[in-house]
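Have a look at the structure below, then the notes.
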Amino acid sequence: MSDLNVPLRPKRKKVWVDYFVQFRWILVIFVVLPISFSLYFFTYLGDVRSAWKSYKKRQKEHDENVQKVVKRLKQRNPAKDGLICTARKPWIAVGMRNVDYKRARHFEVDLSAFRNILDIDKDRMIAKVEPLVNMGQISRATVPLNLALAVVPELDDLTVGGLINGYGIEGSSHLYGLFSDTVVAYEIVLADGRVVRATKDNEYSDLFYAIPWSQGTIGLLVAAEIKLIHVKEYMKVTYKPFRGTLREIGQAYMDSLAPRDGDQDNPEKVPDFVETMIYTPSEAVVMSGRYASKEEAKKKGNVINQIGWWFKPWFYQHASTALKKGEFVEYIPTRDYYHRHTRSLYWEGKLILPFADQWWFRFLLGWMMPPKVSLLKATQGEAIRNYYHEMHIIQDMLIPLYKVPDALEWAHREFEVYPVWLCPHRIFKLPVKTMIFPEPGFELQSRQGDTKYAQMYTDVGLYYAPGPVLRGEAFDGAEAVRRMEKWLLENHGFQALYAVSELNEKDFWKMYDAGLYEQCRKKYGAVGTFMTVYYKTKKGRKTEKEVREAEQAHLETTYAEMEQPN
């Protein structure tokens, strides 16, 4: 058995902010939850109103709004107006970085109108949507038609634009890749006001491959055409408990999605959905899902679980019951399954509202859950925000599948964060080298889960207070993140850009590839117009002077080690 000893740490003396965080639930219950519910309700009414409009009317309004953006861009004076930013407030974003990049920009472009589903094309199997369409909105429109996006990240509030420009994953990503891999076309407004449609085959193919992970620093996304798939009414979910070492848990997870004989594209051997939740260093539940028809689900003896009801146990806690009662199978309505982690925000809801998982709270107030992440950020203040950055971990370690056992042991020693979420995703071998890319020569290794055209990766999701913090011990969150990033750099891993990062610019461009990204920024006029992705994701406040100096340095010489796309 590998050494899992964690370092001995001294006790930490509590300060006033500890007590503020401890009783923050009062503010959440009486302020954040009611406002969140109101916002959800009025947003839903807006979605219904939009759905009533004809395709032609929605498209006409979209074209008019695009022209407003173009007109606004042409009003900018680069010499005095500074860099472009969207008018959305910094706290609206779902990410956890302590980033205030908008302080360094003076020229705002309002994209708030771009939140409509423009078309569901059943013949082409394409959904054309605007960037502020969220996952709850689009699944509400598609699932009744027995259609869905190929990748539907679990949290309702996650938007199309955020998932494309940032990072989006779901339990189906072992088949389809990340959210951005399912996009077939982008509509982009470039820095000079040109509106272009980028696909992998047209004259803007370089732009098509550069947009994912770029965080809106090449152009303004105003629409995307995304792949649809046929789905059935239910998801047949199998819960398998597993006990063993972290290495053994890692192998059991790998076996749940990757046949050892290498037959990775055989639907008889590979389920439609997979995820694993690790509850302790020796206990996990491995889950797999397959689409099932209404007729199959309602056969005598089958168990149907409507997990979407507000009073139902939180999904991760429900799944953990397999550790007591053993393996079991149930049928969950497809849309409920897609959003299974929304109400509890995975398990973060337990820290925000310690008693929110209790039956009495779920029954009385569960219908108001979850609190909007944007409102939680808006009401936390500088001190609490800094506290969370030091005493809390929200990170996604994206690593090759075969390194999962090593990553689990490393994460235990460094963080002791449980539960741990494991979700696989493919990184495809593309005609060009994008910001994230598979290991060179992976296709020659014949490793479990890999194919000739894609390497299997895994998201090791760490979302909770670390063990040392829960025990009242000293913990240096910034230093722990730095060690994690060093481990990722050494193991060809990547970090989700919404998370807190301690990377300097040189190491940032060691983790991600700058070649195509920088090429497109220069070609399409983004340099001097949009902030670079590193500065946009860099932790902390940034002044206009700091960003301008960084932009000038980028024009003259860049920290990034430029490589020509393969």
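The values are calculated or read from the model by the stated rules, or taken from the named source; none is laboratory data. No experiment lies behind these values; they were computed from the predicted model shown. Ideal geometry is used to build each Cβ from the backbone, glycine not excepted, and the neighbour counts take in all protein chains shown. Note: accessible area is taken over every heavy atom of the protein model, side chains too, but ligands, DNA and RNA are not part of it. Shrake-Rupley method; radii C 1.70, N 1.55, O 1.52, S 1.80 Å.
Could you tell me which residue of segment 240-281 is farthest from Trp410 (Cα to Cα), considering only residues that are touching a strand residue (DSSP E or B) at 6+ places or on another chain (Cβ under 7 Å) and free of Cβ contacts under 8 Å to residues at least 40 places away in the same chain?
Top of the filtered list is Pro271.
Kindly indicate the residue of segment 177-203 that is assigned to a loop (DSSP other than H, G, I, E, B) and in contact with a Lys or Arg (Cβ under 7 Å, 6 or more places away or on another chain) and also surrounded by the most Cβ atoms within 10 Å (Cβ to Cβ) among those meeting that condition.
The qualifying residue surrounded by the most Cβ atoms within 10 Å (Cβ to Cβ) is Gly177.
Give me the residue from segment 360-386 that is modelled with pLDDT under 85 and surrounded by fewer than 16 Cβ atoms within 10 Å (Cβ to Cβ) and, out of that set, nearest to Tyr19 (Cα to Cα).
Per the criteria, the residue is Ala383.
Which residue pairs have Cβ atoms under 7 Å apart, sit 6 or more places apart or on different chains, and have a first residue in segment 173-188 that is within 23 Å of Leu155 (Cβ to Cβ) and a second that is assigned to a helix (DSSP H, G or I) and among the polar types (S, T, N, Q)?
Going by the 7 Å Cβ cut-off, the qualifying pairs are Tyr176/Thr182.
Can you list residue pairs whose Cβ atoms sit under 7 Å apart, with the first residue in segment 13-27 being more than 19 Å from Ala356 (Cα to Cα) and the second being among the aliphatic types (A, V, I, L, M)? Count only pairs 6 or more apart in sequence or on different chains.
Correct list of pairs: Val17/Ala383; Val17/Ile384.
With a cut-off of at least 1 residues that are assigned by the TED database to the domain that holds Ala411 and buried (at least 17 other Cβ atoms within 10 Å of the Cβ), name the helices (runs of 4 or more DSSP H) lying wholly within segment 444-528.
Hits in segment 444-528: 467-470, 477-490.
Looking at (1) without any contact (Cβ under 8 Å) to a residue 40 or more places away in the chain; (2) part of a loop (DSSP other than H, G, I, E, B); (3) open to solvent by 50 Å² or more (accessible area, probe 1.4 Å); (4) within 27 Å of Ile249 (Cβ to Cβ), which is the only condition Lys324 fails?
Every condition holds for Lys324 apart from (2).
The rows are residues; the columns are (1) assigned by the TED database to the domain that holds Gly171; (2) part of a loop (DSSP other than H, G, I, E, B); (3) under 30 Å from Arg447 (Cβ atoms).
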position	(1), (2), (3)
His318	no, no, no
Leu345	no, yes, no
Phe355	no, yes, no
Pro371	no, yes, no
Pro405	no, no, yes
Glu409	no, no, yes
Arg426	no, no, yes
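Mind listing whichever residues of segment 453-478 are farther than 21 Å from Gly162 by Cα, in contact (Cβ under 8 Å) with a residue 12 or more places away in the chain and of a type in the set (D, E, K, R)?
Correct list: Glu473, Asp476.
Only one of (1) of a type outside the set (A, V, I, L, M); (2) more than 24 Å from Ile188 (Cα to Cα); (3) not in a helix (DSSP H, G or I) is not met by Gly46, so which one is it?
The failed condition is (3).
Count, please, the residues in segment 529-546 that happen to be modelled with pLDDT of 60 or more and assigned to a helix (DSSP H, G or I).
Selection size over segment 529-546: 7.
Does Trp347 satisfy the condition of being open to solvent by less than 30 Å² (accessible area, probe 1.4 Å) and out of contact with any Ser or Thr (no Cβ under 9 Å at 6 or more places or on another chain)?
yes
Do you know which of the residues in segment 7-43 that are in a loop (DSSP other than H, G, I, E, B) and of a type in the set (D, E, K, R) is most open to solvent (accessible area, probe 1.4 Å)?
Lys13
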